[in-house]
Amino acid sequence: MKALVQRVTRASVTVGEREVSAIGKGICVLLGISRDDSPKEAEWLATKLVNLRVFDDPETGKAWDKSVADLGLEILCVSQFTLCHVLKGNKPDFHNAMNSELSKPAYENFLTLLRTKYRPDAVKGGEFGAYMQVHIQNDGPVTLHIESPKFPPPKERKAQGGGGKGSKKGPAKDQSTSSDADSSQQAKVDSAAESVAELTVGDS
């Protein structure tokens, strides 16, 4: 999951002549949802955005010290599938983006996450699937690109855990290697013993 985050003095979304939503000072987030994103990625990114320190402390003047949540500011989050592009020559390809049937509820769930982690009245969205005009008054300018880590699905995580608590893959591999070495050494000993036996029979 990707987010293009801009610190803004104001931002709004219109569809045609109709204003869908608007915020004052805060952050405008363009959100790209890829086809393999899960609720884990959404949880991580929502937490990061609410706590992202891109504002100065108004009391001390210290830069990069306060978040939206610290200062009671606003968030405008707009779905932006083109962030999940790859370039084929000079043409963007969007096969990595989640299809619209799945991405619409994923986007709505992401807005819910932001509202739950912050304040419902301070989080605004765009109009999913519409041809929108996003008006951004970037403050600084400050623009950050954030991408969530990829969390493996539950079954894969279990497989990575091995044989449960206390399981140690490293020593098991070492024991196997040691066993192979012992077998090889024993084979050499047996072969040498056979050679000695043949020599003894020949001498007698």
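The values are calculated or read from the model by the stated rules, or taken from the named source; none is laboratory data. Since the model is a prediction, treat every value here as computed from it, not as a measurement. All Cβ positions, glycine included, derive from the backbone under ideal geometry; neighbour counts span all protein chains shown.
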Q. Out of the range 8-31, which residues are surrounded by 23 or more Cβ atoms within 10 Å (Cβ to Cβ) and either in contact with a Cys (Cβ under 9 Å, 6 or more places away or on another chain) or free of Cβ contacts under 8 Å to residues at least 60 places away in the same chain (or both)?
A. V8, A11, I27, C28, V29, L31
(Q) Please determine whether any residue of the range 34-41 is outside any loop (DSSP other than H, G, I, E, B) and touching a Phe, Trp or Tyr at 6+ places or on another chain (Cβ under 8 Å). (A) yes
Q) Here are some residues: A122, A106. Which one is farther than 16 Å from K40 by Cβ, modelled with pLDDT of 95 or more and in contact with an Asp or Glu (Cβ under 9 Å, 6 or more places away or on another chain)? A) A122
Q: With respect to S103, determine if the residue is touching a residue at least 60 places away in the same chain (Cβ under 8 Å) and more than 17 Å from K25 (Cα to Cα).
A: yes
Q. Quick check: anything in the range 87-97 modelled with pLDDT of 95 or more and within 14 Å of L31 (Cβ to Cβ)?
A. yes
(Q) Name the single residue that is farthest from V50 (Cα to Cα) among those in the range 124-146 being of a type in the set (A, V, I, L, M, F, W, C) and surrounded by 15 or more Cβ atoms within 10 Å (Cβ to Cβ). (A) M132
**Q.** Of all residues making up the range 49-79, the number that are under 24 Å from the mean Cα position of the chain (by Cα), at negative phi and assigned to a loop (DSSP other than H, G, I, E, B)
**A.** 6
Q: Output the residue which, of all residues in the range 57-91 that are closer than 14 Å to S34 by Cβ and not hydroxyl-bearing (S, T, Y), is surrounded by the fewest Cβ atoms within 10 Å (Cβ to Cβ).
A: V86
Q: Those residues that are farther than 23 Å from H135 by Cα, in contact with a strand residue (DSSP E or B) (Cβ under 9 Å, 6 or more places away or on another chain) and small (G, A, S), I need them from the range 28-68; list them, please.
A: S34, A63
